[in-house]
1. Kindly indicate whether residue A:94 is part of a helix (DSSP H, G or I) and under 26 Å from residue B:146 (Cα atoms).
2. Quick one: in segment A:182-201, of everything that is touching a residue at least 40 places away in the same chain (Cβ under 8 Å) and assigned to a helix (DSSP H, G or I), which residue is most open to solvent (accessible area, probe 1.4 Å)?
3. If we scan segment B:222-240, do we find a residue that is at pLDDT 80 or above, within 14 Å of another protein chain (Cβ to nearest Cβ) and more than 18 Å from residue B:117 (Cβ to Cβ)?
4. Looking at (1) within 30 Å of residue A:103 (Cβ to Cβ); (2) in a strand (DSSP E or B); (3) open to solvent by 50 Å² or more (accessible area, probe 1.4 Å); (4) not acidic (Asp, Glu), find the lone condition where residue A:178 falls short.
5. Looking at B:199, B:240, which one is touching a helix residue (DSSP H, G or I) at 6+ places or on another chain (Cβ under 6 Å) and open to solvent by 30 Å² or more (accessible area, probe 1.4 Å)?
6. Is it the case that some residue within segment B:17-37 is modelled with pLDDT under 85 and within 29 Å of residue B:116 (Cα to Cα)?
7. Restricting to segment A:92-106, give me the number of residues that are farther than 30 Å from residue A:1 by Cα and open to solvent by less than 30 Å² (accessible area, probe 1.4 Å).
8. With respect to residue A:208, determine if the residue is over 15 Å from the mean Cα position of the chain (by Cα), at pLDDT 90 or above and surrounded by 13 or more Cβ atoms within 10 Å (Cβ to Cβ).
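The values are calculated or read from the model by the stated rules, or taken from the named source; none is laboratory data. Bear in mind the structure is a predicted one, so any value in this text is a computation, not a measurement. Using ideal geometry, Cβ is built from the backbone for each residue, glycine included, and neighbour counts are taken over all protein chains shown. Heads up: the accessible areas ignore ligands, DNA and RNA and are worked out on the full protein's heavy atoms, side chains in. Shrake-Rupley method; radii C 1.70, N 1.55, O 1.52, S 1.80 Å.
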Amino acid sequence: MGPLLTVQNLSLSFGKPVLQSVSFEVAPGGLLLILGPSGSGKSTLLRCLNRLQAPDSGAVLLNDRDTREIDVRHLRRRVGMVFQVPALLPGTVEHNMIQGPALAGKTAPRQDIEHLLTGVGLARDMLTRNAATLSIGEQQRVAFAQALANQPDVLLLDEPTSALDPTAVLTLEKLILKVNREMNRAVVMVTHNIEQALRFNTETLVLLDGRIIAKGPVQDLINNRTDATLRSFFEGRLNHEGNGDGI
Amino acid sequence: MGFEILLGVYALVALAMGMSFYRNLGIEKDLFLGSIRATVQLIAMGFVLKWLFTLQEAENFFLVLLFMTCVAAVISGNRGRAIPNSRIIALAGIGLGSAVTFTVLYTAGVIKNEANYIIPIGGMIVGNAMNAASLAMNRLIGELEHARKRIETLLALGGSARQAGEEPARQALKAALIPTIDSMKTIGLVHLPGIMTGFLIAGGSPLEAVKFQVAVVYMIAGTAGIAGTVVVVLGVRQCFEGNLRMRLERQDG
């Protein structure tokens, strides 16, 4: 089976280079982490995948088809996205969850919505709760359910745990694994946290100054003693996180 | 009224400037320049109006109105510089709002084909259209900026630019029409309309005065409604790159 997403030589500059010839692939049902420090271009790269950002050059293919040839609204239903800080709409949890199908002129069956809500670990009776009264962790789960209601093939996660407390981080990480393994959605997740990458222990891209400096399982990358840039990156980050910056 | 009285009244502007200086608001310069500009413009307009009222040809009246519309569009468009093509949008809103209202009143015979009807009433129409357009433009920027993350969420869920910008557009239009609606609600109770008062002072019948004033009130509401709607609809469209993304420049502060 071919790759679900293929990223080919993406480059982008805002005066200075933000992305430099970035290429990678995501398999159907795959889980890929993009690891890098703040300002390394991780979020911009993610936004290029669903065309919220246009690259200067390069292409993104979905099932071998250039995403620029796909109607952008259709593309975004297939390539869902959850942002760092959830921006829910005013109204109930249910109102938020039905948005995706409603924007496409469809009605989501009530039982599907309830199933989705319990799937992200929230009780059915929360459907009638005002979204503004939820904790950030609960709002982030609703944002997951909102994106999943479109039944996407792939979910882009832009540091979805960075605004959460440590307990909520672990709960959400379990949810991400569930979405990937049980709901069988491919996931591309951006993080700056090496410890989090280690907990997922999956295929990881290390992005530095807009350039991929390494690919592979994160533990292998950490154990790599031959690449000086990579070694310096991990040593620096681990020391930084050890000083309380990480989780 | 003598010039010494005018100078005395100017003390009120000086007082406002003093308060601004005391509270560190930083609007003293704007107040000073604004007051001088208003005086110079009114003196000039006094002489220009005197000359305009002697004009006989309808084309000249309309050229004057066109000039007013263009000036209003520049002023209003400057309020919305973050929106691409803001001056053209303002010109479309003010132009269409004014043209529709003017045509209705002209056809109905409320505005007679004389300079002393066309120019002051036309100016009033264009001025009201400009106020609504400026408010709509200014509020639209604020609403879009405020809703930036929600808009991105809606776009990421597969929404169109129209769907994502619908709520900010609605809020902007409502805000733009608040002064017009409040003014209609309080007319005769809080502020006494100038045209009606002038009619009565000139010895006109109260019913005639009311009829004329009601026409003016409806005219203002209609103009503001059309100008505000056009500005918001075109403005939202300009703030998005198709259905791809919002392209409103970030506002500092």
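1. Answer is yes for this residue.
2. Checking each candidate, the answer is A:195.
3. yes
4. Here residue A:178 meets the rest and fails (2).
5. On the way: B:240 fails: open to solvent by 30 Å² or more (accessible area, probe 1.4 Å).
Selected residue: B:199, the only one of B:199, B:240 that is touching a helix residue (DSSP H, G or I) at 6+ places or on another chain (Cβ under 6 Å) and open to solvent by 30 Å² or more (accessible area, probe 1.4 Å).
6. No, segment B:17-37 has no match at all.
7. Here is the first cut: in segment A:92-106, the ones farther than 30 Å from residue A:1 by Cα are A:92-99, A:102-103, A:105-106.
Next cut, open to solvent by less than 30 Å² (accessible area, probe 1.4 Å) only: A:93, A:96-97, A:99, A:103.
Residues that pass the stated criteria total 5.
8. Working: over 15 Å from the mean Cα position of the chain (by Cα): yes; at pLDDT 90 or above: yes; surrounded by 13 or more Cβ atoms within 10 Å (Cβ to Cβ): yes.
Against the criterion (over 15 Å from the mean Cα position of the chain (by Cα), at pLDDT 90 or above and surrounded by 13 or more Cβ atoms within 10 Å (Cβ to Cβ)), residue A:208 qualifies.
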